[in-house]
Amino acid sequence: MEKGKILVTGGLGFIGSHTVVELQKEGFDVVIIDDLSNTRIEVLEGIEGITGIQAEYVNLDLKNKVQVQAFFDQHKIEGVIHFAASKAVGESVEKPLKYYENNISSLLYLLDSMNDHKVTNIIFSSSCTVYGQADELPITENAPIKLAESPYGNTKQIGEEVLKDVSKAGDLNAVALRYFNPIGAHSSGQIGELPLGVPQNLIPFVTQTAAGIRKELSVFGDDYPTDDGTAIRDYIHVVDLAKAHICALKRLIDGKNKSKMEFFNIGTGKGSSVLEVIKTFEKVSKKDLNYKIVARREGDITAAYADTSLANKELNWKAELGLEEALASAWQWQLKQK
Ligand code: WQD
C-alpha cells in the first residue's frame with residue numbers, strides 16, 4: 001500500500017526544519033504547513049541544501065478550519081508532527097488571546113480534520129514548562145503538572161489534555177514530547193534558530209551579543225539557590241531533539257505505543273547554569289562575552305533538567321551531542337547570518 005506523507009506543521013521553524021531534515025534522511029515523504037508568521041521561506045532552501053530534497057510546502061493558516069479540511073482532502077497523510085504554535089513566554093503574558101487562539105484552535109482544527117480523514121498518528125510539541133518548578137530533580141514524566149506560569153505554558157498543558165481526551169474517545173494515538181531547552185544548529189550551517197526581533201531566549205541573545213548585534217547580555221539574576229547563583233536549564237542540541245521525533249513517529253507507525261497517549265521528556269539529563277553556558281560559549285567561540293547581572297526575570301524558575309530514562313528505553317533514543325557542540329554550532333550559524 002502506498003505510504004502516506006508525514007505532515008510537519010511549523011516545519012519551517014527552528015525545531016520543525018531540523019526535524020524535516022531527519023525525516024527526509026529516513027526516507028519519509030514530507031509535506032510542510034507553515035504560515036511564515038515566525039520564520040522565513042528561505043528555510044525551505046536551507047533544508048534542501050542539506051538533503052537535496054525540496055519538501056512539499058503549503059502556506060496555510062491552521063486557524064482556518066476550511067483550509068485545513070481542504071488540505072487533508074488533497075493529501076494522503078500517514079502521520080502528523082505538530083510544531084506550529086506561538087512560543088514566546090513573555091509575549092504570551094501580554095497577548096494571551098493571540099496564544100489561546102493560535103495554539104489551541106489550530107490544534108483543534110488539525111485533530112478534527114485528522115479524525116475526518118482517519119489520520120491516527122500525531123506527535124505533539126510540548127514543553128518542560130508544564131512542570132513549572134518541579135519539586136524533585138531530575139524531572140520524570142510522573143512529576144505533577146503545576147499551574148502554568150504563562151498563557152504559553154497553559155496552551156501546552158491544554159494541548160496535552162485535549163490529546164488525552166481525543167485519543168481516549170477515538171482512534172487517535174498521540175505522543176507528547178516535553179522539550180527542555182532546544183539550542184544549536186545543523187552542522188551544515190544551512191539552518192538554525194532565527195529569532196525575529198530581540199531574542200527572548202538565552203542562546204540567540206548570547207550569539208548576537210558575541211556578534212556585536214547586541215551590546216551586552218543581561219543575566220537574569222544571580223541570587224538563585226544554585227552553586228553560582230544563576231538559574232539552571234537542560235540545554236539539548238536541536239538535532240538530538242529532531243531525532244527524538246523520528247523515534248516517536250516510528251513507534252506510532254509501527255504500533256509499538258503502549259497506550260493511546262504517551263509523554264516523554266526530551267533533554268540531555270544534565271543541567272547547566274547561565275554562567276556555565278557563558279563560560280562554555282567563551283571557550284568554544286574564543287570570544288569574551290559582554291554581560292551584566294540584572295534582576296531575575298518574572299516567571300523564571302530556579303532549575304529544570306530531565307530524567308530521560310523513559311525516552312532512552314521506550315524510544316530507544318538518547319541525546320548524543322553536548323553543550324560545547326551545541327554552542328559551537330549556534331555560533332557557526334550566527335557567523336553565517338548577514
Ligand atoms: C534560559 C535561562 C533565563 C535570556 C523558555 C520556555 C520553554 C522554551 C524555551 C519554547 C533562564 C536566562 C535568558 C537572557 C538570561 N520555549 N536568560 N538572559 O525560559 O528556560 O524556557 O524558552 O520552546 O518552553 O519556557 O528559556 O532561553 O528564555 O532562558 O539570563 O537574555 O537563561 O533567566 O534562566 P526558558 P530561556
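Placing a label point 7 Å from the Cα of VAL294 along the Cα-to-Cβ direction, the residues of segment 221-247 whose backbone N falls under 16 Å of that point are 221-223, 231. Simple point charges give the picture: +1 on the Cβ of Lys and Arg, -1 on the Cβ of Asp and Glu, and for segment 1-41 a dipole about the Cα centre of about 60 debye. The calculated 222 nm mean residue ellipticity attributable to helices in the chain amounts to -11500 deg cm²/dmol, summing -39500 (n - 2.57) over DSSP H runs of n ≥ 4 and dividing by all residues.
Among MET114, MET261, sorting on how many other beta-carbon atoms sit within 10 Å of each Cβ, with the fewest leading, yields MET261, MET114.
When the chain is described by a simple charge dipole with +1 on each Lys and Arg Cβ and -1 on each Asp and Glu Cβ, the residue from TYR152, ILE32, LEU249 located farthest towards its positive end is ILE32.
3J(HN,Hα) along segment 273-289: 7, 4, 5, 5, 4, 4, 4, 5, 4, 4, 5, 6, 9, 6, 10, 7, 8 Hz, from the Karplus curve 6.51 cos²θ - 1.76 cosθ + 1.60 with θ = phi - 60°, whole Hz, x for Gly and Pro. Among THR39, THR9, the order by Cβ neighbours within 10 angstrom, fewest to most, reads THR39, THR9. For the chain, the longest principal axis of the Cα atoms and the long axis of helix 238-253 meet at an angle of about 20 degrees. Here the gap between ASN201 and SER259, fully extended at 0.36 nm per residue and compared with their Cα-Cα distance, gives a gain of 17.5 nm.
Exposure proxy shown here: for ASP34, ASP116, ASP61, the number of other Cβ atoms within 10 Å sets the order, fewest to most, as ASP116, ASP61, ASP34. Working from label points 7 Å from Cα in the Cα-to-Cβ sense, the VAL162 to ASN115 distance is 1.1 nm.
Note on SER105 and ALA169: the extension gain reaches 21.2 nm, defined as 0.36 nm multiplied by sequence separation minus the Cα-Cα distance. Here the dipole of the chain is about 220 debye; that uses its Cα centre as origin and unit charges on the Cβ of Lys and Arg (positive) and Asp and Glu (negative). For segment 274-338, applying the loop criterion from DSSP together with a ceiling of 11 other beta carbons within 10 Å to the GluC sites (Glu not before Pro) yields GLU298, GLU320. Seen against the Cα atoms of the chain and their longest principal axis, helix 14-25 is set at about 50 degrees.
Under 5 Å from the amide H of ILE81 lie the amide H atoms of LEU7, VAL8, THR9, ILE123, each residue being 5 or more positions distant or on a separate chain, with H modelled from the backbone and absent for Pro and chain starts.
Looking at the chain, the DSSP beta bridges with both ends there are about 5 percent antiparallel.
Close amide-amide hydrogen proximity is noted between ASN173 and ASN121, ILE122, each under 5 Å apart and 5 or more residues distant or on a separate chain (H modeled in the peptide plane; Pro and chain starts excluded). From the alpha carbon centroid of segment 297-338 to that of segment 59-131 is 24 Å. Model label sites at SER187 and ARG40, defined 7 Å from Cα along the beta-carbon direction, differ in position by 2.5 nm. D by Stokes-Einstein for the chain, Kirkwood Rh over Cα pairs, 25 °C, 0.890 mPa s: 121 µm²/s.
Read-outs throughout are calculated quantities, based only on the coordinates presented, and are distinct from any laboratory measurement. Note that this is a predicted model, so its numbers are computed, not measured. As a convention, Cβ positions derive from the backbone with ideal geometry for all residues, glycine included, and neighbour counts pool all protein chains shown.
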